[in-house]
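Asks: Sharing a structure with you now.
Read-outs: derived from the displayed coordinates by stated rules, not from any lab. Owing to the predicted nature of the structure, the values given are computational and were not obtained by experimental measurement. Note: ideal-geometry Cβ built from the backbone for every residue, glycine included; neighbour counts use all protein chains shown.
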Amino acid sequence: MIALPLIALLVGFLIVYPLSPGIAPALGDYVAIAVVAGFDALVGALRSRLEHRFDEAVFLSGFFANMVLAASLAYFGDRIGVDLYLAVVVALGIRIFTNLGRVRALLVTARLETRRTRSAPVSR
C-alpha cells in the first residue's frame, strides 16, 4: 500500500527534475509555504496511517486545502503589508514537529512490542 505513493513520488521527480522549472522570485515565498503545507499533510498522513485511521479523501482534501490556504494567507498578508507567512510557517512547523514526535513514538512503541513478543517465553 505504501509503495504506490513512493512510486508516484519517484515518477513525479523523474519527470520534473530534468525540466528544471524556474520559479519567479516574487512567487518564491508562496511556493515555499505551499511546500511546507504539503509536507505537513504528508507527515499527518503518515501519523494517521500508523494509528490505523488513514482516509484517502481526508488526506487529499487536506493536502490541497492546506496548500491553498497557506499560500493565500501569505499572499493576502503581503498585500496588506503584514508578514502572515511567518505565522503560517510557525503554525505548520509546530504541527509538523508534533506529528513527527507522535510518529517517532508510534514507531518506537511498535518496535518495543515486537521485541517483547519475540523474547517472551512460549508457554505450553
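Asks: Round to the nearest 10 and give me the degree value, 0 to 90, for the angle of helix 28-50's Cα axis relative to the longest principal axis of the chain.
Replies: It works out to around 20 degrees.
Asks: Could you tell me which GluC sites (Glu not before Pro) in the range 19-124 are loop residues by DSSP with no more than 12 other beta carbons within 10 angstrom of their beta carbon?
Replies: The qualifying sites are 51.
Asks: Let me ask something else about it. Using Cα springs under 10 Å in a Gaussian network model of the chain, which residue among 87, 34, 71 shows the largest mean-square fluctuation?
Replies: 87
Asks: In degrees, nearest 10, range 0 to 90: what is the angle between the Cα axis of helix 56-80 and the longest Cα principal axis of the chain?
Replies: 30 degrees
Asks: Continuing with this model, one more query. Using helices alone, what [θ] at 222 nm do you get for the chain, with -39,500 (n - 2.57) per DSSP H run of 4 or more residues, divided over all residues and rounded to the nearest 500?
Replies: Here the helix-only value at 222 nm equals -28000 deg cm²/dmol.
Asks: Then there is this: Gaussian network model of the chain, Cα springs within a sub-10 Å range: biggest mean-square fluctuation belongs to which of 86, 27, 19?
Replies: Highest fluctuation of the listed residues: 19.
Asks: Can you give the log10 of the normalised intensity I(q)/I(0) at q = 0.30 Å⁻¹, computed with Debye over equal Cα scatterers of the range 30-89?
Replies: -1.11
Asks: Could you work out the Rg to Rh ratio of the range 51-124, with Rh taken as the Kirkwood radius (inverse of the mean 1/r over all Cα pairs)?
Replies: Here the Rg-to-Rh quotient is 1.29.
Asks: What's the magnitude of the charge dipole for the chain around its Cα centre, counting Lys and Arg as +1 and Asp and Glu as -1 at the beta-carbon? Answer in Debye, nearest 20.
Replies: About 960 debye.
Asks: Still on this structure, I have one more. Multiply the residue gap between residue 26 and residue 53 by 0.36 nm, knock off their C-alpha separation, and tell me the result in nm, one decimal place.
Replies: Stretched out fully, the residue 26 to residue 53 stretch lengthens by 5.8 nm.
Asks: With angles folded into 0 to 90 degrees, how steeply does helix 84-119 sit against the dominant principal axis of the chain? Use alpha carbons for both and round to 10.
Replies: Roughly 10 degrees between the two axes.
Asks: Cα centroid distance between the range 1-57 and the range 77-124, in Å?
Replies: 17 Å
Asks: Would you mind telling me which residue in 23, 94, 33 has the biggest mean-square fluctuation in a Gaussian network model of the chain, where springs connect alpha carbons within a distance under 10 angstrom?
Replies: Maximum fluctuation in the GNM of the chain, among the listed residues, is at 23.
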